[in-house]
Amino acid sequence: MNIDKIGTAKWAALRKDLERRKQSDFDWENGKVALYNYKVDEGLDLAIREAYQIYFGENALGRRAFPSIAQLEDEVIDFGLDLFNCPDGGAGIFTSGGTESIIIAVKAARAWARANKPDVKNPMIVAPETAHPSFNKAAYLLDMTVVRVPMRDDFRAAVDAMRSALTPDTVMLVGSAPSYSHGVFDDIEGLADLAQQYELWCHVDACLGGFLAPFARKLGYEIPPFDFAVPGVTSLSADLHKYGYAPKGASLSLYRTEEFKDCAKFTFNEWPRGVYTTYTLSGTRPGGAVAGAWAALRYLGDDGYVAAAKTVMETRDALVAGIEAIPALRVHRPYDLGVFIFGSTDDQVDINAVMECMRERGWFVGSTAKPIAIHYSVNPIHAQSVDAYLSDLESSVDEVRRTNRKAAFDDDTYS
Ligand SMILES: *Cc1c(COP(=O)(O)O)cnc(C)c1O
């Protein structure tokens, strides 16, 4: 046996092992997971896998060694700046995900405040309570404070209450477009206006919907202004690895000007190796993630994203109609894009028990704590499983009612 054969046999066994392990997971490729995964079709899937593989060994830290990656990255950033209506002079950073895009935007806001607001002692962020946890992760790392202001009854940011929460230490305002918890847009115009009045950094978290909203708007869905077209928006995060359909490890942190982006820069020269500069938290970064994101953007193009948005919105509407046809269930309103939540109107039907029954039937569904509800984040792959989902949902509701089942868990964590 030569070495290739030994290697091949070894890998065949390991591969089998991986495939066996995977069988204990929920079957996302057949639409059985209501979050985490975003896929359009087999054609795009093949393209992004191959693009990733072509740059599998390259390190995106090495912009001079691998100028082609630097160029791919710049093209992806330019696509984002254009999509989000950034005026000339904007700039961006390719990151590993929404959390990193947000942490470095918060870091940039802190650096900007240090330079421009010397009286600030304990820099503070004012955010709606619906803002993503990564703002608190950022504040924890950067020794800042987040004040979370209760949402309104329609789940949107309470801009007036946020105004009341401002203090001389406030440096940053945050809004979601849309929020992960309820899928609604905050009043970004109101927040950006407030930011301008008080000279604050205004960040729009479009991680979830950034690559869906502009295309849903082209289809005629009403999408409120949320990007750099709104004066006063300083920075915006948008995840390529969500509705951009890129392989995981891809997001954009975008800035209205080069100067704002420079606030995110880390540069260091006090080691023997010379100047070291990054804009990301990571040093070494996968070239494949950059190539995969670039391939998704180019493969789909505007038309492909519009078609994918149509599938998402129609699938959402089919799910909502089917859920509302089941007695005891109610979809909460408003919902603005691909995420919606639904709860129970019947004391005999514990919605968390319904969630458990769905998991027993092979469906991984998430939940929301406020209000207590099931959470659905629609992606194109769900189009094929609408009927099966609704039928299992109906039988889950029946089972819960019949057995008067109550949920056993009280802590649905997501990681
Ligand atoms: C997903 C998400 C994030 C965080 O993104 P990760 O890629 O999971 O790090 C931030 N904000 C919103 C609204 C999101 O949906």
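The values are calculated or read from the model by the stated rules, or taken from the named source; none is laboratory data. If you're wondering where the values come from, they're calculated on a predicted model, not measured in any experiment. Cβ sites come from the backbone with ideal geometry, for glycine too, and all protein chains shown count toward neighbours. Remember, those area values only see protein heavy atoms, side chains included, never the ligands or the DNA or RNA. Shrake-Rupley method; radii C 1.70, N 1.55, O 1.52, S 1.80 Å.
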Q) Is one or more of the residues making up segment 204-211 open to solvent by 20 Å² or more (accessible area, probe 1.4 Å) and over 11 Å from the mean Cα position of the chain (by Cα)? A) no
Q) Identify, please: which residue in segment 262-288 is aliphatic (A, V, I, L, M) and in contact with a helix residue (DSSP H, G or I) (Cβ under 7 Å, 6 or more places away or on another chain) and is, among those, nearest to A111 (Cα to Cα)? A) A264
Q) Could you list, in sequence order, the residues of segment 42-56 that are open to solvent by less than 70 Å² (accessible area, probe 1.4 Å) and over 30 Å from A388 (Cα atoms)? A) A51, Y52, Y55
Q. Picking from D347, D412, D398, which residue would you name as being modelled with pLDDT of 95 or more, acidic (D, E), open to solvent by 20 Å² or more (accessible area, probe 1.4 Å) and outside any strand (DSSP E or B)?
A. D398
Q: Note down all Cβ pairs under 8 Å where the first residue falls in segment 42-61 and is closer than 13 Å to T284 by Cα, the second is aromatic (F, W, Y) and open to solvent by less than 100 Å² (accessible area, probe 1.4 Å), and they're at least six residues apart or on different chains.
A: E58/F66; N59/F66; A60/F66; A60/F94
Q) Out of (1) under 19 Å from the mean Cα position of the chain (by Cα); (2) more than 28 Å from V171 (Cβ to Cβ), what's the single condition that is false for A127? A) (2)
Q) Considering only segment 121-165, how many residues are of a type in the set (A, V, I, L, M), buried (at least 16 other Cβ atoms within 10 Å of the Cβ), within 16 Å of the ligand (Cβ to nearest atom) and not in a loop (DSSP other than H, G, I, E, B)? A) 5
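Yes or no, residue by residue, for (1) open to solvent by less than 10 Å² (accessible area, probe 1.4 Å); (2) touching a residue at least 24 places away in the same chain (Cβ under 8 Å); (3) at negative phi:
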{"residue": "W294", "(1), (2), (3)": "no, yes, yes"}
{"residue": "R298", "(1), (2), (3)": "no, no, yes"}
{"residue": "G301", "(1), (2), (3)": "no, no, no"}
{"residue": "Y305", "(1), (2), (3)": "yes, yes, yes"}
{"residue": "T311", "(1), (2), (3)": "no, yes, yes"}
{"residue": "A318", "(1), (2), (3)": "no, yes, yes"}
{"residue": "A321", "(1), (2), (3)": "no, no, yes"}
{"residue": "L329", "(1), (2), (3)": "no, yes, yes"}
{"residue": "Y335", "(1), (2), (3)": "no, yes, yes"}
Q: Return a yes/no flag: does segment 272-288 have any residue that is under 18 Å from the mean Cα position of the chain (by Cα) and crowded, with 24+ Cβ neighbours inside 10 Å.
A: no
**Q.** Residues of segment 41-89 satisfying the condition of being in contact with a strand residue (DSSP E or B) (Cβ under 6 Å, 6 or more places away or on another chain) and outside any helix (DSSP H, G or I)
**A.** F84
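Only one of K39, K117, K16, K107 is more than 30 Å from L200 (Cα to Cα) and open to solvent by 20 Å² or more (accessible area, probe 1.4 Å). Can you tell me which?
Selected residue: K16, the only one of K39, K117, K16, K107 that is more than 30 Å from L200 (Cα to Cα) and open to solvent by 20 Å² or more (accessible area, probe 1.4 Å).
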Q) Taking interchain pairs and intrachain pairs at least six residues apart, which have beta carbon atoms under 8 angstrom, with the first residue in segment 126-139 and under 20 Å from A264 (Cβ atoms) and polar (S, T, N, Q) and the second in a strand (DSSP E or B) and within 11 Å of the ligand (Cβ to nearest atom)? A) none
